[in-house]
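Undergrad: This is the structure, below, for whatever I ask next.
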Amino acid sequence: MEDIFSKNKSEKEESELLQQFQSTGNLEILGELYNIYIHLVYGVCLKYLNNRDESKDAVSKIFEILIIEIPKFEIQNFKSWLYVVTKNYCLMEIRKKKTEKKHLQVYTEEIFMESSEILHPIDEVPESNLAEELKNCIEKLKQEQQECIIMFYYDKKCYKEISDKLKIEQSKVKSYIQNGKRNLKICLELTTSGIEN
């Protein structure tokens, strides 16, 4: 994979640009150095992230990382170092997505577990459908209930944090969450029963 970072300028020219940036902090110099490999950075990101928009964003964010990280290291081979930075960034993004997905799964399972008395047993519901069904039901909630449910379960915020964020009393937060959960249970029951809500 590292081979795709082919030479567009001589290593000497790249080394000079790198040294100039390290000594001056001039972002135009860093931009000139980065532009040598920018399309290849995009290619690596696209390979790992498999999304064009996310890869374009990654190209910009990696440039910002370089501004901070380059002064910390003695870089002998910029293209190899840049490849490692790019790859690590992509792996971190993938890990972050998995963590977010796991949080949503825990949130989904918690709602289903609390709904177990009025729902079919959870093992009768295809696991692949849980997140999608829950997402659809959340979207049908009133805005206040939707916001409180998401912040409480998904963002792991307490009543006080939600109260401060939404500028409402904690008692209302608790009420919105309880009513939202009740409405979700009804919606999920209808969904898992095959009845349109």
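Here, each number is a calculation from the coordinates, and none is a lab measurement. Because the structure is a prediction, the values reported are computed rather than measured. With ideal geometry, Cβ positions are generated from the backbone for all residues, glycine too; neighbour counts draw on all protein chains shown.
Undergrad: Specify whether the C-alpha gyration tensor of the stretch 8-97 places it in the rounded, prolate or oblate class, a ≥ b ≥ c being the square roots of the eigenvalues: rounded for a/c under 1.5, otherwise prolate if a/b is larger than b/c and oblate if not. Walk me through the numbers before you get to the answer.
TA: Numbers: a/c = 2.05, a/b = 1.79, b/c = 1.14.
Prolate shape, in that a/c is at least 1.5 and a/b is the bigger ratio.
Undergrad: Next question. What net charge is computed for the residues neighbouring TYR48, neighbours being all others with C-beta under 10 Å from the C-beta of TYR48, Lys and Arg scored +1, Asp and Glu -1? Working shown, then result.
TA: Working: positive: LYS47, LYS87; negative: GLU54, GLU93.
Every neighbour counted, the sum reads 0.
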